[in-house]
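*Asks:* Right, I'll just put the structure down here and ask away after.
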Amino acid sequence: MIRPRPALARLTQVFLVIGNTTFGGGNPTMAALQRELVDRRGWITQEDYALAYALANITPGTNVLAFCAAVADLILGVRGAIAAVLAVTVPSAVLAVLLTYGYESWRTNSIVMAAIGGTVAAVAGMMWSSVWRLVVPNLGGLWKTARAMVFFGGAFLAAWRFGVTPIPVIAVAVLAGLLWKE
Amino acid sequence: MNILLLYLLLLKATCTSFSGLASLPMVRADFVVERHLLTDRQLNTAVVAGRTGPGPNGLYLVSVGYFVGGLPGAAVGLLAVMTPAFFILPMMYWIGARANSPRIRGAIRAVVLASAGLLLSSSLPLARDAITGGLSLAIVIVTFLALCFTSVDSAWMMLGAAAVGLAAKLLRI
């Protein structure tokens with residue numbers, strides 16, 4: 001079956017709209033792109049989507065950007081990948097700079113700082129929810145849970161109790177993860 | 001700070017993490033603890049700015065770059081966020097077939113779990129800075145529970161927390 005091949009401007013527009021109007025991070029964005037690229041437009045197959053999704057999860061950095069690069073590359077090659085990554089990041093990055101500038105400019109306003117204080121507290125809760133979401137899918141069964149706790153607890157203790165920096169912790173995790181089968 | 005060094009430090013953070021906020025421990029170690037270019041409060045603000053809007057979670061690095069180097073810093077922050085995404089292109093062609101290898105997947109899971117441990121460790125000083133009383137503690141707990149056990153969007157939690165902080169100030173709670 002021959003898949004439709006969009007123009008670069010059309011491809012960029014799809015990533016621009018979905019990437020900059022979907023809140024909640026990577027997973028909602030990848031789900032929205034699945035509906036748009038696989039189900040609605042037929043630009044990639046479900047198998048393409050699954051491969052890109054799997055590889056995005058083992059690519060360093062922000063998973064959703066790797067996913068966008070991969071599926072856009074499948075559709076229009078490297079120029080599509082570059083356009084998709086730029087379309088997803090640049091408008092949101094401009095907004096992030098404006099918000100940072102705004103937060104700093106309002107620093108002397110006690111009313112605004114009260115609102116910002118509330119959001120800063122929410123960030124702490126959000127970071128702990130990220131920890132929860134990273135750990136919970138790796139639990140289940142005594143052996144799997146024990147393995148997860150060794151990696152999670154070991155990294156936490158190494159950093160918190162002994163002040164080990166992240167790179168050695170990650171390097172040890174890679175080696176131990178290769179040697180200790182699930 | 002030299003803009004190339006800023007890019008390389010932010011790139012180091014993105015290249016050694018596997019999700020948006022997982023780069024936070026590296027950023028805190030380099031910019032707050034080692035080089036004193038950011039305070040914990042500024043790092044918190046950067047995370048808030050990156051998460052209040054749409055787009056990938058890793059965009060808080062753009063705000064970190066802005067704090068350290070102004071607009072050029074923000075630009076290299078964006079570049080550091082985008083760069084690792086293109087590592088997937090050779091992977092698609094050459095190692096796609098090995099993505100389901102149990103050994104590779106086991107190593108990836110180990111890195112994800114270690115990242116979670118590092119994230120917990122680096123979040124504790126930030127939380128100590130953020131929790132200033134009973135109300136902020138309540139916001140932390142409610143946000144954690146809502147994001148773990150409901151499908152509410154994190155942006156709504158940010159806006160809700162801002163509204164609660166504002167209301168508390170106006171009502172002098």
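*Asks:* Can you find, among B:T150, B:A107, B:A80, the residue sitting farthest towards the positive end of the charge dipole of chain B, where Lys and Arg contribute +1 and Asp and Glu -1 at Cβ?
*Replies:* Farthest towards the positive pole: B:A107.
*Asks:* Accessible area per residue for chain B in Å², computed with a 1.4 Å probe and the full protein assembly in place, what is it? If you can, show how the numbers build up before the last one.
*Replies:* Working: 7070 Å² over 173 residues.
Per-residue value: 41 Å².
*Asks:* Residue by residue through the stretch B:112-118, which ³J(HN,Hα) values in whole Hz follow from phi under the Karplus form 6.51 cos²θ - 1.76 cosθ + 1.60 (θ = phi - 60°), with glycine and proline marked x?
*Replies:* Residue by residue, the stretch B:112-118 yields 4, 5, 5, 4, 5, x, 5 Hz.
*Asks:* Can you give me the relative contact order of chain B as a percent, contacts being Cα pairs under 8 Å and 6 or more apart?
*Replies:* Numbers: 147 pairs, mean separation 41.1, N = 173.
So the answer I get is 24 percent.
*Asks:* Mean residue ellipticity at 222 nm from the helices of chain B, using -39,500 (n - 2.57) per DSSP H segment of n ≥ 4 over the full residue count, to the nearest 500 deg cm²/dmol? Walk me through the intermediate numbers first.
*Replies:* Values: 8 runs with 122 residues, N = 173.
That comes out to -23000 deg cm²/dmol.
*Asks:* Something else about it: Which FRET efficiency value, to the nearest 0.05, do you get for A:L178 and B:L170 by plugging their Cβ-Cβ distance into 1/(1 + (r/R0)^6) with R0 = 51 Å?
*Replies:* Details: r = 56 Å, r/R0 = 1.09.
Rounded to the nearest 0.05, the efficiency is 0.35.
*Asks:* What is the distance, in nm, between label points placed 7 Å from the Cα along the Cα-to-Cβ direction at B:L71 and at A:I111?
*Replies:* Between B:L71 and A:I111, the label points sit 3.0 nm apart.
*Asks:* Just name one of B:I3, B:V62, B:P25: the one whose Cα is farthest towards the positive end of the charge dipole of the protein assembly as shown (beta-carbon charges, Lys/Arg +1, Asp/Glu -1).
*Replies:* The residue sitting most towards the positive pole is B:P25.
*Asks:* Nearest 100 Å² is fine: what is the total accessible surface buried where chains A and B meet, probe 1.4 Å? List each step's numbers first, then the result.
*Replies:* On the way: alone 12500 and 11200 Å², together 15410 Å².
Result for this pair: about 8300 Å² buried.
*Asks:* Between helix B:154-170 and chain B, what is the angle of the helix's C-alpha long axis to the longest principal axis, kept within 0 to 90° and rounded to the nearest 10?
*Replies:* Approximately 20 degrees, to the nearest 10.
*Asks:* With θ set to phi - 60° and the Karplus curve 6.51 cos²θ - 1.76 cosθ + 1.60, what are the ³J(HN,Hα) couplings of the stretch A:106-115 in order, to the nearest whole Hz, using x for Gly and Pro?
*Replies:* In residue order, the calculated couplings are 8, 4, 8, 8, 5, 5, 5, 5, 5, 5 Hz.
*Asks:* Quick check on the stretch B:1-154: take the gyration tensor over C-alpha atoms, sort the square-rooted eigenvalues as a ≥ b ≥ c, and tell me if it's rounded (a/c under 1.5), prolate or oblate. All intermediate terms of the calculation are to be shown ahead of the outcome.
*Replies:* Values: a/c = 1.88, a/b = 1.21, b/c = 1.56.
Oblate is the answer for the stretch B:1-154, as a/c is 1.5 or above yet b/c matches or exceeds a/b.
*Asks:* Say each of B:C15 and A:T165 gets a label point 7 Å from the Cα, pointing the same way as Cα to Cβ; how far apart are those two points in nm?
*Replies:* The answer from the label model is 1.4 nm.
*Asks:* Report in % the part of the accessible area of the protein assembly as shown that belongs to carbon and sulfur, leaving out ligands and nucleic acids; probe 1.4 Å.
*Replies:* Details: 10510 of 15410 Å².
C and S fraction of accessible area: 68 percent.
*Asks:* Under unit Cβ charges (Lys, Arg +1; Asp, Glu -1), what dipole magnitude, rounded to 20 debye, does the protein assembly as shown have relative to its Cα centre?
*Replies:* Numbers: 25 positive and 12 negative charges, 72 e Å.
The calculated dipole for the protein assembly as shown is roughly 340 debye.
*Asks:* Convex hull over the alpha-carbon atoms of the stretch B:38-116: what's its volume per residue in Å³?
*Replies:* Working: hull volume 9.1 nm³, N = 79.
Considering the Cα atoms of the stretch B:38-116, their hull volume per residue is 115 Å³.
*Asks:* Further, regarding this structure: Using helices alone, I'd like the mean residue ellipticity at 222 nm for chain A: each DSSP H run of four-plus residues gives -39500 (n - 2.57), total over residue count, nearest 500. Kindly include the intermediate steps, with their values, before the conclusion.
*Replies:* Details: 8 runs with 135 residues, N = 182.
So the calculated ellipticity at 222 nm is -25000 deg cm²/dmol.
*Asks:* Which order do A:W143, A:W43, A:W160, A:W128 take when ranked by solvent-accessible area (1.4 Å probe, heavy atoms of all protein chains), largest first?
*Replies:* Per-residue accessible area, sorted high to low, gives A:W143, A:W160, A:W128, A:W43.
*Asks:* Could you derive backbone 3J(HN,Hα) for the stretch B:23-39 from the dihedral phi with the Karplus parameters 6.51, -1.76 and 1.60 (θ = phi - 60°), listing whole Hz in sequence and x where the residue is Gly or Pro?
*Replies:* 7, 4, x, 5, 4, 5, 4, 6, 8, 9, 7, 7, 9, 6, 8, 9, 9
*Asks:* Mind checking the angle between helix B:134-149 and chain B's longest principal axis? C-alpha axes, 0 to 90 degrees, to the nearest 10.
*Replies:* 40
The values are calculated or read from the model by the stated rules, or taken from the named source; none is laboratory data. Predicted model, so just to flag it, every value in this text is computed and none were measured. Please note: Cβ atoms are built from the backbone with ideal geometry, for glycine as well, and neighbour counts cover all protein chains shown. Just so you know, the surface numbers come from the protein's heavy atoms only, side chains and all, with ligands and any DNA or RNA stripped out. Shrake-Rupley method; radii C 1.70, N 1.55, O 1.52, S 1.80 Å.
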